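Take a look at the structure set out below.
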């Protein structure tokens with residue numbers, strides 16, 4: 001950092017909002033942390049400046065959100081995602097479905113603990129080589 005070769009950047013609020021929207025679109029808003037969202041937002045901002053950012057991560061939720069956003073990603077120790085997953089919360093007892101960003105832990109109808117599962121899958125754009 002002292003040599004000026006490394007720069008510490010933070011994304012602007014507009015790109016942070018955009019990253020949140022991408023995480024909501026695939027249902028990963030509860031799975032990614034604030035730091036994860038900032039990473040995706042910064043990649044979006046750098047792309048808008050003409051750069052081609054690549055997020056290096058083995059976190060499937062970040063890869064899922066990055067794929068939705070059209071950001072390249074690279075896995076380090078895993079194979080990475082092959083499909084972008086769109087998540088939903090559901091009750092295993094009465095089969096009621098809830099939005100993925102629902103704050104409930106238990107079903108309103110029967111009281112069973114909610115679980116998360118993919119509602120649909122789309123082939124991923126592919127990781128960066």
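Any read-out appearing in this document is the output of simple, stated calculations on the displayed coordinates, not a laboratory observation. Just so we're clear, the structure is a prediction, and the values are computed from it rather than from any experiment. Please note: Cβ atoms are built from the backbone with ideal geometry, for glycine as well, and neighbour counts cover all protein chains shown.
As a proxy for reagent exposure, ranking 122, 8, 40, 88 by other Cβ atoms within 10 Å from fewest up yields 8, 122, 88, 40.
If each DSSP helix of 4+ residues adds -39,500 (n - 2.57) and the sum is divided by the residues in the chain, what number results at 222 nm, nearest 500 deg cm²/dmol? Spell out each step's value before the answer.
Working: 3 runs with 39 residues, N = 129.
Rounded to the nearest 500, it is -9500 deg cm²/dmol.
Treating each Cα of the chain as one equal point scatterer and applying the Debye formula with no solvent, the log10 of I(q)/I(0) at q = 0.14, 0.20, 0.22 Å⁻¹ comes out as -0.66, -1.10, -1.23.
With angles folded into 0 to 90 degrees, how steeply does helix 34-48 sit against the dominant principal axis of the chain? Use alpha carbons for both and round to 10. Taking the Cα atoms of the chain, the angle to 34-48 is about 50 degrees.
Averaging the sequence gap over all C-alpha pairs within less than 8 Å and six or more residues apart, then dividing by the number of residues, gives the chain a relative contact order of 23 percent. Report, in degrees rounded to the nearest 10, the 0 to 90 angle that the Cα long axis of helix 13-26 makes with the longest principal axis of the chain. Helix 13-26 and the main axis of the chain meet at about 40 degrees.
If Rh is defined by the Kirkwood formula over all Cα pairs and Rg also comes from Cα, what ratio Rg/Rh do you get for the stretch 1-41?
Numbers: Rg = 12.7 Å, Rh = 11.1 Å.
When Rh is taken as the Kirkwood radius, the ratio is 1.14.
Eigen-decomposition of the gyration tensor built on the alpha-carbon atoms of the stretch 82-122 gives equivalent ellipsoid semi-axes of 21, 9, 7 angstrom, largest listed first.
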